[in-house]
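Below is one structure; the comments refer to it alone.
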Amino acid sequence: MADLTRARPIVALDLPDFATAERLVTALGPTCDFYKVGLELYAVDGPRVVDWLHAQGKDVFIDLKAHDIPNTVKGVARSAARLGARLLTVHAAGGSRMLEAAVDGAGGASSQGGAGCGILAVTVLTSFSADEYASAAGKAVPSVSDEVLRLAALAEGAGCHGIVCSGEEVARVRAGCPRLWPLVPGTRLAGGATHDQARVVTPGEAQARGARYVVVGRAVTAAPDPAVAMRAVLADLGT
């Protein structure tokens, strides 16, 4: 049974090609067993990278943030599930029908912590401030937190496994939509650079607020010794 008090760390392979990803995964060795394959890498070597990661005994999160008509997104989810992805992202802004199609394409709502491909609905990107999101949405937004909770409710109603949100919103999501598993991207170790993220917490802070997955990117991938940095992430999570 999954430990519901622990967040599972995921390293983001936001890298340009298979060779670079292979070097990093090899350098990390047993310190990491779950990787995110995002748009940049997937566009070049997606299925090849996913198959290779599985051969190394790693779990894979395919982060495509699909947002299209329901039938197309259903097909994307079906393909991700066939590749053996544990998680796939779609945009919550695609609406209930699109989210339901994604869940259906992935094989139905996955059990919490169980096998299969879980659909994660992306709420408000962590690069957005409230003003930037309001400008992009073309409407007044009382708070990013309110918008995240609204989109989380859509995801829960559609049978999604979880959502993607910043650490600042996790506690409200857990209280308002307790069935969802929150994933917090762009976490940073204490004192680390925030880069292009606007709403940032450490892995340990995200876990304490109720995150079930935490994604770590440049804090590990750009470190002089990625394995040392990853051990610091694990220590922050108490694992």
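The table for this structure:
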quantity	calculated
Residue match in the stretch 5-13 (condition: in a loop (DSSP other than H, G, I, E, B), of a type in the set (S, T, Y) and either surrounded by fewer than 20 Cβ atoms within 10 Å (Cβ to Cβ) or free of Cβ contacts under 8 Å to residues at least 60 places away in the same chain (or both))	yes
Boolean, D51 is charged (D, E, K, R) and either at positive phi or outside any loop (DSSP other than H, G, I, E, B) (or both)	yes
V60 under 16 Å from the mean Cα position of the chain (by Cα), within 20 Å of L154 (Cα to Cα) and either assigned to a helix (DSSP H, G or I) or of a type outside the set (F, W, Y) (or both)	no
Residue match in the stretch 138-150 (condition: touching a strand residue (DSSP E or B) at 6+ places or on another chain (Cβ under 6 Å) and closer than 23 Å to I62 by Cβ)	no
Residue check, P47 surrounded by fewer than 15 Cβ atoms within 10 Å (Cβ to Cβ) and either more than 26 Å from P178 (Cβ to Cβ) or under 15 Å from the mean Cα position of the chain (by Cα) (or both)	yes
Unique match (being of a type in the set (G, A, S) and either modelled with pLDDT under 95 or farther than 23 Å from S166 by Cα (or both)) among A92, A43, A7, A102	A43
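The values are calculated or read from the model by the stated rules, or taken from the named source; none is laboratory data. Since we're looking at a predicted model, the values are computed, not measured. Because the Cβ atoms are built from the backbone with ideal geometry, glycine has one as well, and the counts that use them run over all protein chains shown.
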